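Have a look at the structure below, then the notes.
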Amino acid sequence: MDKINFAFGKMNYLICGVSVLLIILGFVLMTGPASTIEGGFEPDVFSTKRIVIAPMVCFFGFLLMIVGILFPRKRTEANEQN
């Protein structure tokens with residue numbers, strides 16, 4: 001039976017999976033208590049974690065996703081002949 005040629009290799013899927021986890025981690029880092037009218041002002045809205053670190057983690061996750069998509073797949077001799 002012939003092997004199916006997928007567009008991505010194992011390494012591509014691994015890199016994309018890690019990047020999805022980084023993006024999710026960045027969004028989780030952005031969460032926290034909100035400033036509401038009833039609760040008053042919450043200074044944690046302007047914490048370094050929420051406005052600097054979390055967006056950087058998301059940005060690196062998106063960059064890693066691009067790397068995962070563009071990463072060249074290793075070709076075997078059997079694939080090159082077909």
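In the chain, which longest range has no trypsin sites (Lys or Arg not before Pro) that are both DSSP loop (not H, G, I, E or B) and surrounded by at most 16 other Cβ atoms within 10 Å? Provide the component values of the computation, followed by the final result.
Details: sites that count: Lys3, Arg73, Lys74, Arg75.
Within the chain, the longest run free of exposed trypsin sites (Lys or Arg not before Pro) spans 4-72.
In the set [x] 17.0; [y] 15.5; [z] 12.5, which value of Kirkwood radius over Cα pairs in Å was calculated from the structure you see?
For Kirkwood radius over Cα pairs in Å, the calculated option is [y].
As a check on your grasp of the helix formula, calculate [θ] at 222 nm for the chain: sum -39500 (n - 2.57) over DSSP H runs of n ≥ 4, divide by the residue count, round to the nearest 500.
When only DSSP H runs of four or more count, the value is -17000 deg cm²/dmol.
Taken together, the values in this text are just the output of simple stated rules run on the coordinates, not laboratory data. Keep in mind it's a predicted model, so treat the numbers as computed, not measured. Glycine gets a Cβ as well: all are built from the backbone with ideal geometry, and neighbour counts include every protein chain shown.
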